[in-house]
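Worksheet: the structure to be examined is printed underneath.
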Amino acid sequence: MWDLTKLYYDDLQWEEAMKETRVSLEKMPSFKFELEILDEDFTKIEYYSEKLDRLYTYGLLRREQDSANTYITKRIHEIYSLYQLFNRKIKLFNNLFLNSDKTLEVLRSSEKLKKYEQFFQQKLTDSVSMKDFDSKNLYKKVSPRDAYINWYGSFEYIGKFTTNDRIEKITEENILQYLRVEEQIYRREAYESVEIFLKENSNLASFFLNTHFQLKNFIAKQNGFENAYDMFVYNNIFDKSQSVFFFQENITQKIILLHEKILNNKIKRSGLNKFTYSDLYYLKNSDNFKLSFSEATKIILNTFRVKGGEFYNAVEEVITNNWISREKNTLRHPGQRSISCFGVHPFITVNWNSEFDDLFELTHEISGAIGQYYASQNGMFIYSELSILKTEFISILGTLYLIDYLGNNFEEKLIIFDQVDNFIRDSFIIPFIYSTIEYQLYTKSKNQKLDNEDISDVWYEIMSKFHSIKNFEEMPINRYNWVRHEHFYMDGYDFRYIIAFILAYDFYKKDKSLEFVIELLKKGERISDKEFFNMVLGEELSYEKLVESCVTDIMRKYDEENFSL
């Protein structure tokens, strides 16, 4: 388990640090943000931002350990209130944006202040309009995402059924194990039990999700956007800004065709006459492909050994210095993730079940964590939180390197091909499906409140569109599966995942040097995503071109049987 004493000795010290921070913030006068004292103001912002981040990181990590602990939940809400207090103190910071030309002139003309220019430029870009600050604070007060996480994380199980006079309880931690067993009827019973549970809880889930959609659409309207999804994708690395641009029918059809190949591969390998959602993660004789944590870390080390000494050394540090938590704990918030803290190191959590795809999850999380670790070396907290796009780019790139290593060094090709299928589905196709659903839900929620059936209709229609092939059996109860997906609360996260995948694939295909990427990562957010990827790929970025190239190349590999039997 992680060593949280690197942040605070225990919960008591954490709570004391909260109290001290509150007293300090309450005593501190509100910032004037006059151009003559900008250096002093920015120094204070850096200081308090780092202090609040450390408090919040500890809270997130404690919630990871025990998501049902009400003490931790209350403390996290206290930290939210500290952020609100801090934001009130720096309220006049907004005036700098109203006079942005003059502010930029001052920042550029001072040796002391030049280092803040990119921070200011990024805030200027992110803000779009200054009318959204109050509505953002309203969202934080209501906190539908946190309410959802606390609610969903409080369930002892998310499905149960009886087999051989034994009650089987399904959780987010063990669901994949049930979907990999040899007996198809057993997989289906497990899957349907979850879907029945989700249906029973879909009413309250729709309340949380609709609240999220309505508040985000309100914020978007305040900023002059048609809906929140347009706002999420407005500042992307490509020239066009409207979200509908990313879901063109010709692009959708290409991705559907790629998904058809993957589904047909899975059906062929499974040897099943009928195939449905409960069979997607089944691999015949999968028990032959178990992998210990020690074996997995050796494979990961060998993967990066040939990619340059510096990245390899960082991987070795992650593995040997206790950055990873893989303890089984039913009270832990489910899923894999990495949580970073400036001045310490990222904290990684994985659900380790000795399955072969756990190796892929671990590689993904380690790679992204190292990206964050490099970003924190830029020297300033305000530039240390690597963007989602850069983080996922390096995570996906690491997984592509893993596939290369396994293809050259692992004899069991069946499991590699199956994992490649899963990787492309989970990292590219499923995010595209989820993004399409998210976009449709935001569009629909502009004009109406969404109940559980409204959300289920959109979910099922789009899911069916991407799974409409011969021998794939529809499963109507699957229409409530959206209940368990936190990604719909994450402001276009899946959209960024799509972009990260096509960028990483382009870089990987061109076999460029990882050392150059490392040097750019060390600059953190001192450089924008667009600048970063223009330098990494060495060309002007085109969404259509990257998608077309990515899908065409992967389809070719399938046709040549590089990725399939």
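The values are calculated or read from the model by the stated rules, or taken from the named source; none is laboratory data. All figures in this text were calculated on a predicted structure; none of them were measured in a lab. No Cβ is skipped: glycine too gets one built from the backbone with ideal geometry, and neighbour counts run over all protein chains shown. Side chains included, ligands, DNA and RNA excluded: accessible areas come from the protein's heavy atoms. Shrake-Rupley method; radii C 1.70, N 1.55, O 1.52, S 1.80 Å.
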**Message:** Need pairs with beta-carbon distance below 8 Å; first residue closer than 21 Å to K114 by Cβ and within the stretch 370-391, second among the aliphatic types (A, V, I, L, M); sequence gap 6+ or separate chains.
**Reply:** A375/L386; A375/L521; I382/I45; Y383/A375; S384/A375; E385/A375
**Asked** What residue, among those in the stretch 407-427 that are assigned to a loop (DSSP other than H, G, I, E, B) and in contact with a helix residue (DSSP H, G or I) (Cβ under 9 Å, 6 or more places away or on another chain), is nearest to L283 (Cα to Cα)?
**Response** E412
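Select from the stretch 383-392 the residues that are of a type in the set (A, V, I, L, M, F, W, C) and surrounded by fewer than 22 Cβ atoms within 10 Å (Cβ to Cβ) and list them in ascending order. Spell out the reasoning first.
Our first condition is that a residue be of a type in the set (A, V, I, L, M, F, W, C); within the stretch 383-392, this holds for 386, 388-389.
I388, L389, listed by residue number.
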**Complete:** Residues of the stretch 298-316 being touching a residue at least 24 places away in the same chain (Cβ under 8 Å) and either in contact with a His (Cβ under 8 Å, 6 or more places away or on another chain) or not aliphatic (A, V, I, L, M) (or both), in sequence order, are N302, T303, F304, K307, G308, E310, F311
**Asked** Would it be correct to say that Q372 is open to solvent by 30 Å² or more (accessible area, probe 1.4 Å) and touching a strand residue (DSSP E or B) at 6+ places or on another chain (Cβ under 8 Å)?
**Response** no
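With the structure loaded, tell me whether E453 is open to solvent by 10 Å² or more (accessible area, probe 1.4 Å), at negative phi, in contact with a strand residue (DSSP E or B) (Cβ under 8 Å, 6 or more places away or on another chain) and not hydrophobic (A, V, I, L, M, F, W, C) or whether it fails that test.
Details: open to solvent by 10 Å² or more (accessible area, probe 1.4 Å): yes; at negative phi: yes; in contact with a strand residue (DSSP E or B) (Cβ under 8 Å, 6 or more places away or on another chain): no; not hydrophobic (A, V, I, L, M, F, W, C): yes.
Taking the combined requirement at face value, the residue does not satisfy it.
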**Request:** Report the residue count in the stretch 154-175 for those that are in contact with a helix residue (DSSP H, G or I) (Cβ under 8 Å, 6 or more places away or on another chain) and touching a residue at least 60 places away in the same chain (Cβ under 8 Å).
**Result:** 2
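Looking at the stretch 35-93, which of its residues are outside any helix (DSSP H, G or I), in contact with a Gly (Cβ under 9 Å, 6 or more places away or on another chain) and open to solvent by 20 Å² or more (accessible area, probe 1.4 Å)?
Scanning the stretch 35-93 gives a single hit, A68.
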**Fill in**
Scanning the stretch 210-246 for residues that are of a type in the set (F, W, Y) and in a helix (DSSP H, G or I), the one surrounded by the most Cβ atoms within 10 Å (Cβ to Cβ) turns out to be Y229
**Asked** For E361, are the conditions met, namely being crowded, with 21+ Cβ neighbours inside 10 Å and touching a residue at least 24 places away in the same chain (Cβ under 8 Å)?
**Response** no
**Request:** Report, ordered by the first and then the second residue, all pairs with beta carbons closer than 7 Å, sequence separation of six or more or different chains, a first member in the stretch 199-227 that is more than 16 Å from H485 (Cβ to Cβ), and a second member that is among the hydrophobic types (A, V, I, L, M, F, W, C) and in a loop (DSSP other than H, G, I, E, B).
**Result:** N223/V128
